[in-house]
1. In whole Å and largest first, what semi-axes does the C-alpha gyration tensor of the range 209-268 yield when each eigenvalue is scaled by 5 and square-rooted?
2. Put a dot 7 Å past each Cα toward the Cβ at residue 53 and residue 115; how far apart are the dots in nm?
3. What ranking of 83, 106, 217 comes out by heavy-atom accessible area, probe 1.4 Å, highest first?
4. Longer than 23 Å from Cα to Cα, which of 137/158; 187/240; 15/53; 53/128; 157/240; 128/228 are they? Say none if no pair is.
5. Counting only Cα atoms, I'd like the Rg/Rh figure for the range 169-268, Kirkwood definition for Rh.
6. With the Cα gyration tensor of the range 1-63 in hand, give its eigenvalues times 5 under a square root as the equivalent ellipsoid semi-axes, listed largest first in whole angstrom.
7. Keeping all protein chains in position, work out how much accessible area residue 10 exposes to a 1.4 Å probe, and write it in Å² to the nearest 10.
8. Give the calculated FRET efficiency between residue 125 and residue 9 to the nearest 0.05, with a Förster radius of 41 Å applied to their Cβ-Cβ distance.
Amino acid sequence: HMIIYKTEAEIALMKEAALLVSKTLTEVAKVLKPGMTTMQIDKLCGDFVKDHKAVPSFYNYRGYPYNVCASVNDVVVHGFPNDVPLKDGDIVSVDMGVILNGWHGDHAYTFILGDTAPEIIQLVKVTKESLYKGIEKAIVNNRVGDISFAIQEHAEKKHGYGVVRELVGHGLGRSLHEDPQVPNYGKRGNGPKMKENLVLAIEPMINLGTKEVYTEDDGWTVRTQDGKAACHFEHDVCVKRGQALILSDYSIIEAAEKANANLNTSYY
Ligand code: MF3
Ligand code: CO
């Protein structure tokens, strides 16, 4: 492991990067509606980030061909934006990365469009809860496995969902992916011990059905094996004593989401 701890000044810069992603996702929350395409979301996000002196970091990352990942329904993560209009009842995770002043922000939010099955609304609620359960454990002297365990406990043990094993959260900094890996499953007390100012992207990927997934022939799109819905939330988090500091901000996204009648916020 080569864990890179940040200085307070670097944390401040990383907060700017994370917040730019939050602001970008807020722009999505303002305009998202059935009939819109994920390609339109991609353009909106790319333009917004470039207008704010930053670079969309996913574009060309290991050959990834778009600005955002837009993962609809049974797509777990890394969905390619496309020209298929979103429809009432869809859920879509929008995952965006930026580089601002040399520092990465990388986070994601799942939106519900209109009337969706209650079981899918519950999946979205519980996935977001499981993210916060993990964040609660991102404190000094805990181990990464404490985060993993908390997420798995909530999603799998308490609610019976499938926790994806193939993809994990990660350290974040001058690179998009730094050590350590942050799995969404694991054992309490396992993994590296965390010190102050470790920045993590914590990102539960939770399936309504089984945990099994496969990658499409495009080399990126990850889908559930059983075709049931999946959900994904991601926050950028700084490890602190006693309580983690969340660098990204869902409150502005949620406010826009609640103000948008085309989005379903009935789980709040
Ligand atoms: N949030 C994802 C991750 O951290 C998104 C990466 S998409 C990629 O891995 F295109 F950049 F790979
Ligand atoms: Co990430």
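1. They are 28, 21, 12 Å, listed largest first.
2. Label-label distance for residue 115 and residue 53, simple model: 4.8 nm.
3. Ranking 83, 106, 217 by accessible area, largest first, yields 217, 83, 106.
4. 53/128; 157/240
5. In the range 169-268, Rg relative to Rh is 1.02.
6. Semi-axes from the Cα gyration tensor: 27, 15, 11 Å.
7. 50 Å²
8. 0.65
The values are calculated or read from the model by the stated rules, or taken from the named source; none is laboratory data. Keep in mind the model is a prediction, meaning the values are calculated, not measured. Note that each Cβ is placed from the backbone with ideal geometry, even for glycine, and that neighbours are counted across all protein chains shown. Accessible surface areas use protein heavy atoms only, side chains included; no ligands, DNA or RNA. Shrake-Rupley method; radii C 1.70, N 1.55, O 1.52, S 1.80 Å.
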